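Colleague: Here's a structure for you.
The values are calculated or read from the model by the stated rules, or taken from the named source; none is laboratory data. None of these values were measured; they are calculated from a predicted model. FYI the Cβ positions are ideal-geometry reconstructions off the backbone, even for glycines, and counts take in every protein chain you see. Just so you know, the surface numbers come from the protein's heavy atoms only, side chains and all, with ligands and any DNA or RNA stripped out. Shrake-Rupley method; radii C 1.70, N 1.55, O 1.52, S 1.80 Å.
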Amino acid sequence: MMASNSENWVDESENEYGKTYAILFVIEVSPSMMEPISDVDPCSLQTALICAYQLAAQKVISTPNDLIGVLLFGTEEATGNAENEYVILPMDMPDSNRLKHLKHYANDFDSVKQSLRPSSNPPSLSHALYSASIMLTTTKNIGQRLFLITDNDTPAWDSSQKNALMQRAKDLKDMNIDLCPIFLDSPAHSFNVSNFYREFLSIASRNHETIPQVQRGQEQLNNMLHAVRALQKPRRAQFHFNMELSDNVKINVEGFAIFRRLVPTKTTWVYTKGEQFAIAVPQSTQVSFETKRVLKKDEIKRAYMFGGKQVVFSQDELSKIRYFGGPVLRIIGFRPLTTYKSWMNVKPSLFIRAKSIDIKGSELVFSALHAKLLRDNLLGIGWFIAEQKATPCFVAIIATPTSTAVLDDFVLPQGFFLIQLPTADDIRTVPPRTKAKPDNTLLSGFKQIVRGIELRSFYPGKYSNIALQWHYTILQALALDEPVPSQLVDTTLPKYAAIEKRVGPFIKQVNGAANRISRAHTSPKAETQETVAASEPREIRSSSSAPKAKRIRTQKSNFDYSDDTVLKSLSDSDMLADSLKGLKVVNLKEIAKRHGIPTSGKKSMLIEAICRYFTGY
Amino acid sequence: MADKKCTVYLLDLGNDMGKRYYGRNETDLEYQMTFVWNSLSQRLLENKKTDVIGIVGFKTDESRNDLVEQEAYWNIAVFYPIQTAKFAQLQDLRPRLSASKTMQGDLLSAIVVSFDLIGRYCKANKWTKELFIGTGARGTIDFEDSDGIAEQIAQHDVHITLGLTRDLKLERHTYDNQLLQFLEKCNGKLLTAQNLMEEAQRPPIRKVKPVPIFRGILSLGNPQDPDASLAFPIERYPYTRIAKPPVSTAFDASAKPSADPSGADNDEVMSQPNLGMHSDVVSTIRTYVVHDPVKDETFEVDRKDLESGYSYGRTIIPISSTDEDIMSLDTQAGLEVLGFAPKSCFPPFYFMSETNLIVNKKDDEQTATQLTSFVEAMIQEDRYALARFVNKNHNGPILLVLIPHIENGTHCLIDVQLPYAEDVRAFSFPSLEHVTTGEEKMRVQNAVDAYVSSMLLDNPAIQQSSKAPVFEPQFSYSVMRHRIQQAIQHYAFHPNAPLPEPSPYLVHYTHAPEAALRNAQDALNTLQGVLEPIVHEAPKVEPAEKESQVSVLSISDAEIEAMLNSTAEEQLETEKEPVLHVSASDPVYTFYELIKNPFGLDDAITEMESAIRLLLTEGKLDSAKESLIALRETCIREDESEQYNGFIVELQNELISGKYQNAMNFEQLILQQHLGSISFDELPMS
């Protein structure tokens, strides 16, 4: 469509952020890695495998095109040509089989432990890194990340080994492999980076200022997951343009879409008639309506209707009309920060930072501008074209405060946010409403309430998108053939009990006052109508079947479908059909077979048949 | 509904209208028609069926109207009976809308004719009725029964706009007072000649009829428990929405021109072109293609053999295999307050969406006081509310911040979406260096401070020298939309003339005010001296002369990274860093560098072998070939043929066994290029 590039400045650059990665876990196997941390906490190796599995499960949702692999080294058994190296997962895109395979290793560790025995030879990190680089480089043009998980802080046992490792470090850097180590404490002592790795990482790793070290103990898994997530943060910009202070004074800046609405994946078309399910890709061809001939690109022009007349443009002409210059953020001037009003928003903001690419000193000027705007409570007004062909717009340029308070996972980055401002065309008119004066009794009550349920803070990341979580939980269960889980806890619901405890009396007071006011203001007839109107939505809510359904859903995966008495009691309380819906067809067939019910037909037919059976049981 | 609109243009075409008055460049008629054509163009662009127009002329040479039997209605012509505006017909009409040879034809009679047209078209239905009168109001006007006419017009709610091309300050006529009184009685509006021009140049804004996007309850506390919760019946309206540029349709340029290219008979609105009417219609054929990875071929499949489904990594889950409602949530529509927080917790860069306005339910006076008090409490406490919003049962909840707002004196709430944890993409940034010391850095800070202070838009001095008011969103326009509309309009009327520059109102905020830049000139000069272009081809770190600056500015992280990312060759040239290992990014060069060291030969060869294997794995065959040639030559020269032969045999075996999937046919290349084992006769004679 012609209008496509006028949409979000974020969508167009999706591929940039969504750059695919090959991620390889290289995990050391040694007696210390196999030693359980406590009676309840698994050993470091298992923790690392759980971590790899969780990352893979998350990847399949967020970035399904990423490749993932798991390589163990230091094992007695070997899977390939290399000695003492055990490939659990070769590099490939995740799918349900590979995930199940990895999950097996992570969760049923005891059953695989035997094949992962540590070798009697010392594990060779240099060999492992060599194999890893081979595994990683099977695919071109994607980012490569190597997560090294080990508790051995002295992998080089002699000088030749050390030299070999230092060369590997150089190779990894040359090959642009992003080495992300996660160091664990061994049972005997805590990990000492200075023994070997500081020097090694100064060659191999680009961001050696942060080396995650995970302490031994209960939180090991969480800390490890946290480290993996932190190491995955991309550093690459999505937009490059100049900030123009004037025609002659420009600095290089980069743009990052930090906020972007994430929605569940759309459904795709699936071809089910083949041997395997396959994705069918829709393709559209433009043909002449009259002759059905396929049209070449330059044969298609665009027509606008003007009072019944077609005004026709070629693609070239249109591009010219739509062109307002190349990417730029041109500063128009500065205004007090208070001139920005909360309604002046249309889309997520864009974060910018300076980066000298062809203009040296960009960072310095950028920092000075940031300091000045922050100090004087100003905002900039800019004329902004995000990239070639992007729709130009006006933006407010707002400096982020220097506060470095870390709120859980979210650290407010320092720089400027660009907020697209609406234009006169984008501002809608709203129908007038009758003006009302605030009532003093109500006002004082509401003020108590507003003060009473004050949230400690809000920061992005405080709330999880339960719709998204639920979508993927279900999808994962279906893909891995696991029972569909019970209803997700809705963390976005208000804390009713806390609200009642803190401001309950004020709510009663306000409601009482509101009733008095409306009684005083209305005739008896109007009042009855009013109460009906006000209570109606509530009645609908309380009588709706939704809460009931919620209860059923919680139960459905918990009941033991192999126990006929359970099924019977569900049938008696009229909840059998709903409960059965939560089962897989395989399980339904099991029940059916047990009672001689025909097992052919669709799921709904099976459920019906089973229900019929139990009603007459 | 009230959004149906009927407008009649009543145009004075008297002989006087063709003349230029008071030294103007345009005739009165041209003055008037600029306004009229602009107004008509908007309707042509919008192409709305519910927006109809009619055109009536008076003081015309011809007499053509339904009341023409009476002499009072002579010299009045209905040019365009009420209907949607069509370009072709209006274009045909254009030459006829010119000054006549007569001054005969009465304004009030013409108003009666127009009123009659409107009355018969709109009947008793609900229309917005407008009558634009363009006139110089010269000559005689018959005010007999004008009160009765005015009463009727007011009664039928016809909005009259009188566009007077004559300048009342410079030229007065006998009937002026009566005319203005008449206008007042009709509740009409007067546009002076100057107003007309201003209106004609006013950027067109398309008003969208407000329609609530949510009706329901704003609650606080458990909504199931009326005693423990507050509830306000509310309606939610869009407040900001990005206006889309006009929509175009595909058009087959290769088709023979259709019989009626102007589409004059095409009654369809633009979004529904009447398919089949023209031979130039482009239709889209959709096919579905499946890739078979085993045979590595694609084939087309039938739409009816497809089901919808989800992909989970590479696993495909057809949705029909399970209950579709399994995905849906047990949520109920509603807007529930989670709590309140100081507004500093909600900086605007967290906002994710277009904004909406929450007002009390229509015609619900009782709760208006409640909502007003609630909003007022938030204003006085300086708090925003965090809320959870579900627009429809079973839909996912979204997070909103509710911001107290007063619109036209009414208390209401603005809402805008906030990010969920999943919406935040974790980039990591080092902290900004805020400079307080260092002479050079202070110089930059001072220059930037001066620059910003000179560019304050609210500064009266800058304001006075600027043509436009201080930037506000309300004064800016959707550039793309207006530009495309301008182009459509322009090419419709002048298909062959080049497109003029964008209208001034579109571009006046796209550059800083000149006065501001003049003020900032000194500061800008300083900054220009500090910022230096980086020339990538030249060595990065200049010696000697620029040393002072380099040392003060220091090398930023970015520059370090730029150097790290530069190619090995460039880096080596600039820094003369000793080569310690064979690099996969430039194996041949690094290999030759390495063997310059007599003790490095063994390592160099081993490393080159690894590099070649790696290049083959990566499929970089050219580089692998070059490396192999270099290795072989070196081995011959240095008498290391055994080493090479051992390696090449091993490599050939690996190639044949298919170890390098990206290096197909490389083993043949080894043979063709004679890169196999080194034979005796190749060795240098000693």
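Colleague: Looking at the structure I just gave you, is B:Pro223 in a loop (DSSP other than H, G, I, E, B), crowded, with 19+ Cβ neighbours inside 10 Å, within 11 Å of chain A (Cβ to nearest Cβ) and out of contact with any Leu (no Cβ under 8 Å at 6 or more places or on another chain)? Lay out the reasoning, then the answer.
Modeller: Details: in a loop (DSSP other than H, G, I, E, B): yes; crowded, with 19+ Cβ neighbours inside 10 Å: yes; within 11 Å of chain A (Cβ to nearest Cβ): yes; out of contact with any Leu (no Cβ under 8 Å at 6 or more places or on another chain): yes.
Against the criterion (in a loop (DSSP other than H, G, I, E, B), crowded, with 19+ Cβ neighbours inside 10 Å, within 11 Å of chain A (Cβ to nearest Cβ) and out of contact with any Leu (no Cβ under 8 Å at 6 or more places or on another chain)), B:Pro223 qualifies.
Colleague: If I go through region B:81-110 residue by residue, how many of them are open to solvent by 60 Å² or more (accessible area, probe 1.4 Å) and not in a helix (DSSP H, G or I)?
Modeller: Here the count works out to 4.
Colleague: Now a separate question. If A:Trp343 satisfies all but one of (1) among the aromatic types (Phe, Trp, Tyr); (2) open to solvent by less than 10 Å² (accessible area, probe 1.4 Å); (3) outside any strand (DSSP E or B), what's the number of the condition it fails?
Modeller: Looking at each condition in turn, A:Trp343 falls short on (2).
Colleague: Consider B:Glu46 against the criteria (1) of a type in the set (D, E, K, R); (2) farther than 24 Å from B:Val158 by Cα; (3) touching a residue at least 24 places away in the same chain (Cβ under 8 Å): it satisfies all of them except one. Which criterion is unmet?
Modeller: So B:Glu46 meets the others, but not (2).
Colleague: Taking into account only those residues within region A:261-276 that are surrounded by 19 or more Cβ atoms within 10 Å (Cβ to Cβ) and of a type outside the set (Ser, Thr, Tyr), which is nearest to B:Thr284 (Cα to Cα)?
Modeller: A:Trp269
Matching residues to (1) open to solvent by 50 Å² or more (accessible area, probe 1.4 Å); (2) farther than 30 Å from B:Leu418 by Cβ; (3) modelled with pLDDT under 80:
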residue: A:Gln167; (1), (2), (3): no, yes, no
residue: A:Asn176; (1), (2), (3): yes, yes, no
residue: A:Pro181; (1), (2), (3): no, yes, no
residue: A:His189; (1), (2), (3): yes, yes, no
residue: A:Ser205; (1), (2), (3): no, yes, yes
residue: A:Gln218; (1), (2), (3): yes, yes, yes
residue: A:Arg236; (1), (2), (3): yes, no, yes
residue: A:Glu254; (1), (2), (3): no, no, no
residue: A:Ile258; (1), (2), (3): no, no, no
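Colleague: Looking at B:Ile636, B:Ile612, B:Ile648, which one is surrounded by fewer than 20 Cβ atoms within 10 Å (Cβ to Cβ) and touching a residue at least 12 places away in the same chain (Cβ under 8 Å)?
Modeller: B:Ile636
Colleague: Could you check region A:275-321 and list, in sequence order, the residues that are within 34 Å of the chain's Cα centre (by Cα) and at the interface with chain B (Cβ under 7 Å from one of its Cβ atoms)?
Modeller: Within region A:275-321, A:Phe277, A:Ala278, A:Ile279, A:Ala280, A:Val281, A:Pro282, A:Gln283, A:Ser284 meet the criteria.
Colleague: Among the listed residues A:Thr285, A:Thr291, identify the single one that is in a loop (DSSP other than H, G, I, E, B), modelled with pLDDT under 85 and of a type outside the set (D, E, K, R).
Modeller: A:Thr291
Colleague: Follow-up question, since we're still on this one. Pairs needed: first member in region B:319-330, under 16 Å from A:Asp481 (Cα atoms); second member anywhere, among the acidic types (Asp, Glu) and at pLDDT 65 or above; C-beta distance under 8 Å; at least 6 residues apart or different chains.
Modeller: Once the first residue is under 16 Å from A:Asp481 (Cα atoms) and sits in region B:319-330, its partners that are among the acidic types (Asp, Glu) and at pLDDT 65 or above give B:Ile319/B:Glu307; B:Ser320/B:Glu307.
Colleague: Could you list, in sequence order, the residues of region A:449-506 that are closer than 20 Å to B:Pro318 by Cα and either touching a helix residue (DSSP H, G or I) at 6+ places or on another chain (Cβ under 7 Å) or outside any helix (DSSP H, G or I) (or both)?
Modeller: A:Leu468, A:His471, A:Tyr472, A:Ile474, A:Gln476, A:Ala479, A:Leu480, A:Asp481, A:Glu482, A:Pro483, A:Val484, A:Pro485
Colleague: What helices (runs of 4 or more DSSP H) lie completely within region A:117-222 and have 3 or more residues being within 11 Å of another protein chain (Cβ to nearest Cβ)?
Modeller: In region A:117-222, A:125-136, A:159-174 are the helices (runs of 4 or more DSSP H) which contain 3 or more residues that are within 11 Å of another protein chain (Cβ to nearest Cβ).
Colleague: Does A:Val430 satisfy being over 28 Å from A:Asn223 (Cβ atoms) and either part of a loop (DSSP other than H, G, I, E, B) or open to solvent by 10 Å² or more (accessible area, probe 1.4 Å) (or both)?
Modeller: yes
Colleague: Something else now. Give just the number: which of (1) open to solvent by less than 10 Å² (accessible area, probe 1.4 Å); (2) of a type in the set (Val, Ile, Thr); (3) in contact with a Leu (Cβ under 6 Å, 6 or more places away or on another chain) does B:Val452 not satisfy?
Modeller: For B:Val452, the exception is condition (3).
Colleague: Also, I was wondering about something else. Which residues, taken from region B:356-392, are in a helix (DSSP H, G or I), among the small types (Gly, Ala, Ser) and out of contact with any helix residue (DSSP H, G or I) (no Cβ under 6 Å at 6 or more places or on another chain)?
Modeller: Passing the criteria: only B:Ala368.
Colleague: Just the residues that are more than 7 Å from chain A (Cβ to nearest Cβ), open to solvent by 10 Å² or more (accessible area, probe 1.4 Å) and under 16 Å from B:Leu218 (Cβ atoms), please, taken from region B:325-355.
Modeller: Once the filter is applied, which keeps residues that are more than 7 Å from chain A (Cβ to nearest Cβ), open to solvent by 10 Å² or more (accessible area, probe 1.4 Å) and under 16 Å from B:Leu218 (Cβ atoms), region B:325-355 yields only B:Ala333.
Colleague: Continuing with this model, one more query. In region A:354-371, is there at least one residue being within 26 Å of B:Phe346 (Cβ to Cβ), at pLDDT 95 or above and open to solvent by 10 Å² or more (accessible area, probe 1.4 Å)?
Modeller: no
Colleague: Another question about this same structure. Do we have B:Ser428 as under 32 Å from the mean Cα position of the chain (by Cα) and among the hydroxyl-bearing types (Ser, Thr, Tyr) here?
Modeller: yes
Colleague: Would you check if there is a residue in region A:398-408 being within 30 Å of A:Gly325 (Cα to Cα), modelled with pLDDT under 85 and open to solvent by 40 Å² or more (accessible area, probe 1.4 Å)?
Modeller: First, pick out the residues of region A:398-408 that are within 30 Å of A:Gly325 (Cα to Cα): A:398-400.
Now restrict to residues that are modelled with pLDDT under 85: none.
Within region A:398-408, none of the residues are within 30 Å of A:Gly325 (Cα to Cα), modelled with pLDDT under 85 and open to solvent by 40 Å² or more (accessible area, probe 1.4 Å).
Colleague: I need the full set of residues from region A:104-126 which are open to solvent by 50 Å² or more (accessible area, probe 1.4 Å) and touching a residue at least 12 places away in the same chain (Cβ under 8 Å), in order please.
Modeller: Selection gives A:Asn107, A:Lys113, A:Arg117, A:Ser120, A:Asn121, A:Pro122.
Colleague: For region B:113-145, how many residues meet the condition of being in contact with a Lys or Arg (Cβ under 8 Å, 6 or more places away or on another chain), open to solvent by 10 Å² or more (accessible area, probe 1.4 Å) and more than 19 Å from B:Thr50 (Cα to Cα)?
Modeller: 2
Colleague: Then there's this: Out of region B:413-430, which residues are at the interface with another protein chain (Cβ under 7 Å from one of its Cβ atoms) and within 18 Å of A:Arg428 (Cβ to Cβ)?
Modeller: B:Ile414, B:Val416
Colleague: Evaluate region B:204-220: report whether one residue or more is open to solvent by 40 Å² or more (accessible area, probe 1.4 Å), outside any loop (DSSP other than H, G, I, E, B) and not assigned by TED's automatic domain parsing to the domain that holds B:Leu108.
Modeller: Yes, region B:204-220 has at least one match.
Colleague: Keeping to region A:477-492, report how many residues are within 7 Å of chain B (Cβ to nearest Cβ) and either open to solvent by 70 Å² or more (accessible area, probe 1.4 Å) or not β-branched (Val, Ile, Thr) (or both).
Modeller: The number of residues fulfilling the criteria is 3.
Colleague: Do you know which of the residues in region A:354-384 that are assigned to a strand (DSSP E or B) and within 34 Å of the chain's Cα centre (by Cα) is farthest from B:His508 (Cα to Cα)?
Modeller: Here the residue is A:Ala354.
Colleague: Any idea which of (1) open to solvent by 80 Å² or more (accessible area, probe 1.4 Å); (2) at pLDDT 90 or above; (3) among the charged types (D, E, K, R) is the one B:Glu537 doesn't satisfy?
Modeller: (2)
Colleague: Here are some residues: B:Gln194, B:Gln178. Which one is within 36 Å of the chain's Cα centre (by Cα), loosely packed, with under 15 Cβ neighbours inside 10 Å and more than 30 Å from B:Arg241 (Cβ to Cβ)?
Modeller: Checking each option against the conditions leaves just B:Gln194.
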